[in-house]
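Coordinate-derived values only; no laboratory data. Not measured: the values here are computed from a predicted model. Positions of Cβ are generated from backbone atoms using ideal geometry, with glycine treated the same way; all protein chains shown enter the neighbour counts.
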Amino acid sequence: MNFETCEADVNLILSKHFTEGRGGHQVDKIVVHYNAGNLTCEGCFSVWQNREASAHYQVESNGRVGQLVWDRDTAWHCGVFSQNQRSIGIEHANLSDGTITETCLDTGAHLVAALCKMYGLGRPEWLVNVYPHKHFSPTSCPGQIYGSQKDAYIQRAQHWYDVMTGAIQPEPEEPATPLPDALKGFQDLDPNAWYVSAIEECVLQGYMSGYDSAHFGPTDHITRGQAVCAISNAARADLTEILEPFKDVAPSPYYYTAVCWAVQEGIVSEQENFRPDDAATRAEMCVMLCNWQHGESVGQPTGYPDWPEVPEWAQEAVAWAVEQGVISGSGGKLNPNQPCTRAEAAAMLANLL
Ligand SMILES: [Zn+2]
């Protein structure tokens, strides 16, 4: 719902059971209703196909708002046609005891405020510019909105009206946690995310950098080419010596010298094509780090139910990575065959070093 423009979440405009135009009348009031049921916008639309009734808006229990008759037209909602011509009708989904949910109350009241502002009706006030349906017809409608929730409803509408007209300032939001200085330019990092200190460390130490000054891609999968570059950076490797390349690594990409170094160091195997653009799995990342560090494991880690998923060729490296605190496993899972994200790779490097 856009309360500034009064555009609803969904428009389900009826083709019958309303009157086009308002007979030249201006809107001078809001009339509040309840469904006598817990309906959706679609549910109201369906009911009003057969019942000779309608309202401009429906507010669902979850706060979703639908428009079923345009404001410029006359909805058939309060039982008195001359009042219908001068009013906007808002329906609310209600619970079995006639009350409405907190979300429905807040949204309905916000809508009342928005309409009072839009049509210049002034601050919402019962029986001044906001009316219960029962004021015009013998009915229980709008249930507890004009009973136990009568004061709460209008007070919330007044609050929203005051916010919308600038009479009061909205509650100040929590001051945002800033990113550390080293990460300031990155627009795709969440300052509150778990990975911030690890990525900060990797950027400060020059292990990893962003794609550009604004994008780090923390949730992107790290490619094998990127992974080898990060490790060569972390190793402060001398990349001036170039050996025989893999046959799918042309001697021009950014990772070429790093891959050559990694082969020489035994970090990646010469046995197969390097697949530089494939995502590195978490197990592959462990193997590269373990090979680099000449790590040896003392045994199989316990407490990881998905250990059997670790490929045999990666078992020693993954065990070593757990022992060294390089990986801890999220939620008790190692996820060895999942692609490693760039944030996870940063965390592994930061943990290791
Ligand atoms: Zn009603």
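What order, most packed first, do the peptides 278-290, 145-157 have when packing is the mean number of other Cβ atoms within 10 Å of each residue?
Values: 278-290: 23.5, 145-157: 18.9.
For the peptides 278-290, 145-157, the packing ranking is 278-290, 145-157.
Each of residue 15 and residue 125 was given a label point 7 Å from its Cα along the Cα-to-Cβ line. The distance between the two points is 4.4 nm.
For the stretch 33-92, applying the loop criterion from DSSP together with a ceiling of 16 other beta carbons within 10 Å to the GluC sites (Glu not before Pro) yields 52. Using R0 = 35 Å, the C-beta based FRET efficiency linking residue 162 and residue 187 works out to 0.55.
Take the alpha carbon atoms of the stretch 130-184, find their center, do the same for the stretch 271-328, and report the distance between the two centers in whole angstrom. So the two Cα centres are separated by 54 Å. Just flag the trypsin sites (Lys or Arg not before Pro) in the stretch 39-122 sitting in loop per DSSP whose Cβ has no more than 12 other Cβ atoms within 10 Å. Of the trypsin sites (Lys or Arg not before Pro), the ones in loops of the stretch 39-122 whose Cβ has at most 12 other Cβ atoms within 10 Å are 51, 72. Taken over the alpha carbons of the stretch 181-352 as equal point scatterers, the Debye sum produces base-10 log I(q)/I(0) values at 0.13, 0.17, 0.20 Å⁻¹ of -0.62, -1.05, -1.38. Full extension of the chain between residue 82 and residue 49 gives 9.6 nm of extra length, using 0.36 nm per residue less the Cα-Cα distance. In angstrom, the C-alpha Rg and Dmax of the chain are 31.8, 92.
So which GluC sites (Glu not before Pro) in the stretch 139-208 are both in a DSSP loop and have at most 15 other Cβ atoms within 10 Å of their Cβ? Passing both the DSSP loop test and the Cβ count: 173.
The mean sequence separation of alpha-carbon pairs under 8 Å and at least six residues apart, normalised by the residue count of the chain, gives a relative contact order of 13 percent. Annotation: extensible slack from residue 72 through residue 97 equals 5.7 nm (criterion: 0.36 nm per residue apart, minus Cα-Cα distance). Working ranking of peptides 184-192, 127-135 by packing, defined as the average number of other Cβ atoms within 10 Å per residue, highest first, is 127-135, 184-192.
With a/c under 1.5 counting as rounded, go ahead and sort the stretch 113-191 into rounded, prolate or oblate using the C-alpha gyration tensor (a ≥ b ≥ c being the square roots of the eigenvalues; past the cut-off, prolate if a/b is larger than b/c, else oblate). Here the stretch 113-191 falls in the prolate category. Net length available on complete extension from residue 214 to residue 296 is 25.7 nm, with 0.36 nm assigned per residue and the Cα-Cα distance removed. Computed from the C-beta positions of residue 265 and residue 176 and an R0 of 51 Å, the FRET efficiency is 0.75 to the nearest 0.05.
Between rounded, prolate and oblate, where does the stretch 268-353 land on the alpha carbon gyration tensor, with a ≥ b ≥ c its root eigenvalues, rounded for a/c under 1.5, else prolate if a/b exceeds b/c? Display every interim value, and only then the final one.
Working: a/c = 1.36, a/b = 1.29, b/c = 1.05.
Because its axes are fairly even, with a/c under 1.5, the stretch 268-353 counts as rounded.
Under the classification rounded if a/c is under 1.5, otherwise prolate if a/b is larger than b/c and oblate if not, where does the stretch 1-147 fall, given a ≥ b ≥ c as square roots of the Cα gyration tensor eigenvalues? Verdict is rounded for the stretch 1-147. Relative to the dominant Cα principal axis of the chain, helix 342-352 is inclined by about 50°. Compared with the dominant principal axis of the Cα atoms in the chain, helix 224-234 is inclined by about 70°. If you line up the long axis of helix 102-118 against the longest principal axis of the chain, both from Cα atoms, how many degrees apart are they, to the nearest 10? With rounding to tens, the tilt is 70 degrees.
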